[in-house]
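This report refers to the structure that appears directly beneath it.
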Amino acid sequence: MQRRLPPLGTLRAFDAVARLKSFKLAAEELNVSPTAISHQIRLLEEQLAICVLKRSPRYVALTEEGKILQKATSQVFLLLQSAINEMRLLHSSSPFTLTTTTAFITCWLIPHLAEIRHQFPDIDLRLHADDCPVDLDATGIDMAIRYGYPPRDTLNIHIILEDEFVLAASPTFKIKSLEDLHNVPLIHTDGRRIPQPSPDWDIWRSCFGPKQLEIVHGARFTDETHSIQAAIAGEGAIITSRLMIQRELRANVLEVPFVNKLPGAMYYVMGNKNSKHTRVIEYFCQWLMGKMKLK
């Protein structure tokens, strides 16, 4: 059955009169003449075949039917205004600040900046690097991509990906078996706070071998990105987050010779509940879930 609703203009005029109890004030709000408002109300009543207003020289009142209609129109126009405000925010040029770790910005976000600009052309993206959690309310930052273990008592969290750590090296080493690691320099990343226990060469040797692997020597870094760059330069093998080397794996400058992996922590998003970019945060989360996949 086809539903025939009155024209939007008649409902808008009625809603204004019902709220303001005046044809004159409704006309001023809608920037039209009182005669135009009267014409719209008459059209509405003719189409409905129902009287919605009681008119007198001194006042305007709602009929019982008018009260029912006004309850609906007030909700409808509030919803419409809310939707329009959300759409305008999506196209707002006000800054959208995202905080995350230095490694994630360097290894993942920067290679995806062009795609982010394409997906979100109207946001003025500001990137904030900090390896420690940041108070979003105190700083006014809109969104955080964090690495670790999400707090259970927080509602505005979206888990994006469970990380994993793999052995990676330049293809020039031609690593085919675990025993080949005896002939490959090892690169160490010291000082990892997350995950715990740290996925290092000691744990790799304990889990996968080879049992006589010499793990004391080798270049040592305190930054994951530096370890990755050393591996790209052919300085040795590393144990690193698979997500952090996706681009290098696609470009064949690094390879993962074994299926063995060590568990990592989780990437998750926290949104500032007071941000005016709540819809952008929601869409950004959806985009991240589609893009942050381990291959």
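The values are calculated or read from the model by the stated rules, or taken from the named source; none is laboratory data. Owing to the predicted nature of the structure, the values given are computational and were not obtained by experimental measurement. Here Cβ is always computed from backbone atoms with ideal geometry, including for glycine, and neighbour counts include all displayed protein chains. With ligands, DNA and RNA removed, areas are computed over all heavy atoms of the protein, side chains included. Shrake-Rupley method; radii C 1.70, N 1.55, O 1.52, S 1.80 Å.
Among the aspartates and glutamates, select those whose C-alpha is under 12 Å from the C-alpha of K54, and discard any that sit fewer than 8 residues away in the same chain.
Reachable aspartates and glutamates: E45, E64, E65.
From the Cα gyration tensor of the stretch 8-90, with a ≥ b ≥ c the square roots of its eigenvalues, which class applies: rounded if a/c is under 1.5, or else prolate if a/b is larger than b/c, or else oblate?
It is prolate, given that a/c is not under 1.5 and a/b is the larger ratio.
Looking at [x] 19.1, 58; [y] 20.8, 76; [z] 30.5, 101, which value of Rg and Dmax of the Cα atoms in Å comes from a calculation on the structure shown?
Computing Rg and Dmax of the Cα atoms in Å and matching it to [x] 19.1, 58; [y] 20.8, 76; [z] 30.5, 101 gives [z].
Taking only C-alpha pairs under 8 Å that are 6+ residues apart, what is the relative contact order of the stretch 189-255 in percent?
Result for the stretch 189-255 is 30 percent.
Just to be sure I understand: of the beta bridges DSSP finds with both ends in the chain, what percent are antiparallel, rounded to 5?
The antiparallel fraction comes to roughly 65 percent.
Report, in deg cm²/dmol and to the nearest 500, the calculated mean residue ellipticity at 222 nm for the chain, where each DSSP H run with n ≥ 4 adds -39500 (n - 2.57) and the sum is divided by the residue count.
The per-residue figure over the chain is -11000 deg cm²/dmol.
Given K71/K276; K71/K273; K21/K67; K211/K295, which pairs have Cα atoms separated by over 21 Å?
Over 21 Å Cα-Cα: K71/K276; K71/K273; K211/K295.
Heavy atoms of the protein only, probe of 1.4 Å, neighbouring chains included. What is the accessible area of W201 in Å², nearest 10?
Accessible surface of W201 is approximately 10 Å².
May I ask you to list the aspartates and glutamates whose Cα is less than 17 Å away from that of K24, ignoring any residue fewer than eight positions away on the same chain?
D15
Determine the sum of side-chain charges near R205: Lys and Arg each +1, Asp and Glu each -1, restricted to other residues whose C-beta is under 15 angstrom from that of R205.
Neighbour charge sum, excluding R205 itself: -3.
Keeping the other protein chains in place, figure out the carbon and sulfur percent of the accessible area of the chain, with a 1.4 Å probe.
Within the chain, the accessible surface is 55 percent carbon and sulfur.
Could you report the chain's accessible area per residue, 1.4 Å probe, as an integer in Å²?
57 Å²
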